[in-house]
Amino acid sequence: MKALVGTVVSDKMNKTVVVEVTTRWQHPLYKKVVKSTKNYLAHDEAEKAKVGDQVSITPHRPLSKKKRWALEEIIETAKI
């Protein structure tokens, strides 16, 4: 699997962030561009990511029931 880029939507848990990844794809029959979003739980050891940051996540070994991704880098910080 490859790295995904998304936006942090929650950082309330200890060493965990929720990252929303949006993918766009073209419908094979109707040729309309469809947008879908999915949330991933990612491990953030240093707890540096905040809500609104653009981050890159990579696949990781299972750390808990739902956490299978790790924070690779913070691409862009949120402007508050």
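What follows draws every value from the coordinates through simple rules; no lab data is involved. Since the model is a prediction, treat every value here as computed from it, not as a measurement.
Laid out as a table, the results:
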| item | result |
| --- | --- |
| Under the Karplus curve 6.51 cos²θ - 1.76 cosθ + 1.60, θ = phi - 60°, whole-Hz ³J(HN,Hα) for region 20-35, x wherever Gly or Pro sits | 9, 10, 9, 10, 10, 8, 9, 5, x, 9, 8, 6, 8, 7, 10, 10 |
| Amide hydrogen neighbours beyond the local backbone of D53, cut-off 5 Å, H modeled | V8, A78 |
| Amide H partners (placed H, <5 Å) of T16, local residues excluded | D44 |
| Phi to ³J(HN,Hα) by Karplus 6.51 cos²θ - 1.76 cosθ + 1.60 over region 71-80, Hz, x for Gly, Pro | 6, 8, 7, 9, 7, 8, 7, 6, 9, 9 |
| Given [x] 0.99; [y] 1.04; [z] 0.95, the label whose value is Rg/Rh (Cα atoms, Kirkwood Rh) derived from this model | [y] |
| Lys pairs under 14 Å by Cα in the chain, provided they are eight or more residues apart or on distinct chains | 9 |
